[in-house]
Amino acid sequence: MSSGGPGGGRRGLIGRVAFPVIFGAFLGYQAGFARYGFGRAAAVFPIALIAMGTASTLIVDAVAGERERHTLETLLASPAADIGIIAGKIAAVVLYAWVIGLIGLFAVGVASSFAPVPISPTVLVVVSLVALLEAVLAAGFGVQFSLHADSVRAAGRRFGQYAVIMNMIGAGVIGLVVAPASGAVRLGIAAVAASVLLIIDAALILLACTEGEQHTLPLAALSAALAEARVPSRMLGAATPVRSLERAVRETRPEAVVLWAHRAETASPGALRALLRYPVRRLVAGPGWGTRPAAGAERVTTLAGAIAALAGRAGGGAGDAAGDQRKV
């Protein structure tokens, strides 16, 4: 969790601690002038956002960042279970973010003691629990985004879609304490919005070369075309072993998997048969599959046909798909 470079970790830690202390002192003193309990709780609520922001930044770097640096594969190849690795990352991030939030709340309590109406310990306890909730939500959603995104930047963009929902959940929890009716409404709206976004995010397309296949440029072109069509995809790269492909399918639960083979000797149906045990569409692409059995998978022969098959395009795209895609 250091920021890198000589002394960078220490400077980064001082910066992370100084901000919640200064911000918390400001919020605490201002909240001491609020007339009502809800106003004081709402004024202190931004401290929970510090915990959420800290957790989201760290978890995205811990998962998507490690994949960019090609160190995540080394961890997953270790004897430790995948779920244990991810759980360990989440626990460390949540604990760190919550401690940062608690430091801010301590500053809130100290500063409010100099105001006309100090903030009650009950409000501080409720906000501390909200901060913990925000950190857990941010870490959980961050893992989901990082496993689906191709880069740290892409994961950060997707996290922004859920930030408002997490804030609504936190505000709803506070509302349940001081205004139960409005808090319940906020939680209900947040739950519906999160469910819709999770359903949309589930439509992921996995792109992989068969084992032994090194030609990745066509899959890169397909990934770019899918991005233009607003269809999320993830490229596994060249020469993807069958076990790695299965692991990716289990972790990301994609809607479809596209296997590319440029040469007939790399167009092995073994990967296709291995995918039969998963509820996923199987598509094959590339000249290598021209004379090879595709184990019941769909064939796509052009970029337009692949986009039509994966993005569900109507009109001209559907016509291309009729010509480019057939069952084998």
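Observations on the structure shown:
- Amide proton proximity set for Arg281, modelled H, under 5 Å, gap of 5+: Ala256, Val257
- Under Karplus coefficients 6.51, -1.76 and 1.60, residue-wise ³J(HN,Hα) of the range 106-118 in Hz, glycine/proline x: 4, 5, 4, x, 5, 5, 5, 5, 8, 8, x, 10, x
- Using θ = phi - 60° and Karplus 6.51 cos²θ - 1.76 cosθ + 1.60, couplings along the range 244-251 (whole Hz; Gly, Pro as x): 5, 4, 5, 4, 5, 5, 5, 6
- The H on the amide N of Arg299, modeled in the peptide plane, is under 5 Å from the matching H of Val284, Arg326, Val328, each at least 5 residues off or on a different chain.
- Packing rank of 16-23, 45-52, where each peptide gets the mean count of other beta carbons within 10 Å, highest leading: 45-52, 16-23
- Using θ = phi - 60° and Karplus 6.51 cos²θ - 1.76 cosθ + 1.60, couplings along the range 18-30 (whole Hz; Gly, Pro as x): 5, 4, x, 5, 5, 5, x, 4, 5, 5, x, 5, 5
- Amide H partners (placed H, <5 Å) of Ser120, local residues excluded: none
Bear in mind that the values in this text are calculations on the coordinates, not laboratory data. Computed from a predicted model, the values in this text were never measured in an experiment. As a convention, Cβ positions derive from the backbone with ideal geometry for all residues, glycine included, and neighbour counts pool all protein chains shown.
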